[in-house]
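What follows is a set of notes on a single structure, which appears directly below.
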């Protein structure tokens, strides 16, 4: 079975969020199951393209509005990621350093999808199935059925994976002339609420759609930024499959980014030493619990609550907890965090931006990880935390609900709160602090957490089962 994963992100080539981690791992684990899985993504002017050997395997061109766009398909020669990667280059559109935030983003993603389909329709590289990831490539299921140039591809099955239903890729209808010529009788499939909506289009036209956790699927039926009725209407196509993690990259026993490696049996000593080294590095005390936040400064992540939460924690705990924040995003949130840390210079530390190596150090050093999310389709940070013996403190929502069990329940290994209320969150953190102060309890929870299996092995099998069902 030949499967192409189509995405605008893939770790480590270009990463903004969890989408990249999924696309950078799932194909590798599918190949272990005998699936010929590969990734097709845009070309980015990033270190990957200069540090790896790329082969020019195809050149073509197509019309987009008034432009004739020439494209090149590059293949990474040695499959260094564990699967074939193809990069589509278009000068001026698919050759940029960043993934998002360009004013002509719509034109970029239309060009990417058009070039991809033009390439496979003109070569022998046709897959049995295309797994489209998020709205950026949501037009593909429509185009292979109704665009005149690609109707020979109509037999290819499509799976659409929803990583975040809040972002849907809305386009004004005045952009319709940029699309490949299509059968206008079916043009209504592109529309939702008076605009072209690539996510809605994908839901209508794909053979099946998946969400990145079972809990998130149920939430999309209730609230999906205007698409909840469509998600419900197409629910016969739906399946929730919780994301996994790449344990070849996220494993404290072999992680080359850590000062000291450790396992579930050496976690006490391993975390103590990693914590000491890390706290000295960032100027925090290491003899008290270390609570960390890793992620985007975004409303949906609850990052706007961090300044008030810090004030609340120190009004209650004085010097009983240290806090580290790693992230970037909304300028207002970032400014408020910058201001609050000035009040607690020896208790709170922050790194603005994202640093992959530093993230590994944070997971290994931290005692607890806070995720006060308003929306969390799956969440990977809590899975990385568990793998490193760091106790997650999470809201009971989306994928967090599917993957973290409160210690007050049988087999629990984390701390869960219901409402986004500062008092409620701080009380939950205090529950975690009380466990930290009981060494035997702490050691038991850490050992239990590190023995959990959230690898891609199980989830990849569910995707393969779905693919087999479709192809039958």
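General remarks:
- Between 294, 337, 310, the distinction of being touching a helix residue (DSSP H, G or I) at 6+ places or on another chain (Cβ under 7 Å) and assigned to a strand (DSSP E or B) belongs to 294 only.
- When the stretch 186-226 is filtered for residues that are touching a strand residue (DSSP E or B) at 6+ places or on another chain (Cβ under 8 Å) and farther than 18 Å from residue 131 by Cα, the ones remaining, listed by number, are 190, 195, 196, 197, 214, 215, 216, 218, 220, 226.
- Residues of the stretch 108-123 that turn out to be surrounded by 19 or more Cβ atoms within 10 Å (Cβ to Cβ) and touching a strand residue (DSSP E or B) at 6+ places or on another chain (Cβ under 7 Å), as a count: 9
- Qualifying residue in the stretch 171-194 (condition: within 17 Å of residue 238 (Cα to Cα), modelled with pLDDT of 95 or more and outside any helix (DSSP H, G or I)): no
- For the stretch 50-86, filtering for residues that are within 17 Å of residue 121 (Cα to Cα), out of contact with any helix residue (DSSP H, G or I) (no Cβ under 7 Å at 6 or more places or on another chain) and buried (at least 18 other Cβ atoms within 10 Å of the Cβ) leaves 3.
- Scanning the stretch 227-256 for residues that are in contact (Cβ under 8 Å) with a residue 40 or more places away in the chain, in a loop (DSSP other than H, G, I, E, B) and either touching a strand residue (DSSP E or B) at 6+ places or on another chain (Cβ under 6 Å) or over 18 Å from residue 20 (Cβ atoms) (or both) returns 227, 241, 244, 247, 251, 252, 255.
- For beta carbons closer than 7 Å, sequence separation of 6+ or different chains, a first residue in the stretch 49-78 that is free of Cβ contacts under 8 Å to residues at least 24 places away in the same chain and a second that is in a loop (DSSP other than H, G, I, E, B) and surrounded by 16 or more Cβ atoms within 10 Å (Cβ to Cβ), the qualifying pairs are 75/84.
- Residues of the stretch 356-370 satisfying the condition of being buried (at least 22 other Cβ atoms within 10 Å of the Cβ) and touching a strand residue (DSSP E or B) at 6+ places or on another chain (Cβ under 8 Å): 362, 363, 365, 366, 367, 368, 369, 370
- Among the conditions (1) farther than 23 Å from residue 169 by Cβ; (2) in contact with a strand residue (DSSP E or B) (Cβ under 9 Å, 6 or more places away or on another chain), residue 47 misses just one, which is (2).
- In the stretch 242-253, the condition of being more than 25 Å from residue 163 (Cβ to Cβ), surrounded by 19 or more Cβ atoms within 10 Å (Cβ to Cβ) and in contact with a helix residue (DSSP H, G or I) (Cβ under 9 Å, 6 or more places away or on another chain) is met by at least one residue.
- Of all residues in the stretch 93-107, those that are without any contact (Cβ under 8 Å) to a residue 12 or more places away in the chain have Cβ atoms under 7 Å from Cβ atoms of residues that are surrounded by 11 or more Cβ atoms within 10 Å (Cβ to Cβ) and in a loop (DSSP other than H, G, I, E, B), 6 or more apart or on another chain, in 102/96.
- Checking 302, 283, 295 one by one, the residue that is surrounded by fewer than 21 Cβ atoms within 10 Å (Cβ to Cβ) and on the phi > 0 side of the Ramachandran plot is 283 and no other.
The values are calculated or read from the model by the stated rules, or taken from the named source; none is laboratory data. Since the structure is predicted, the reported quantities are computational estimates derived from the model, not experimental observations. Methodologically, a virtual Cβ is constructed for each residue, glycine included, from the backbone with ideal geometry; neighbour enumeration extends over all protein chains shown.
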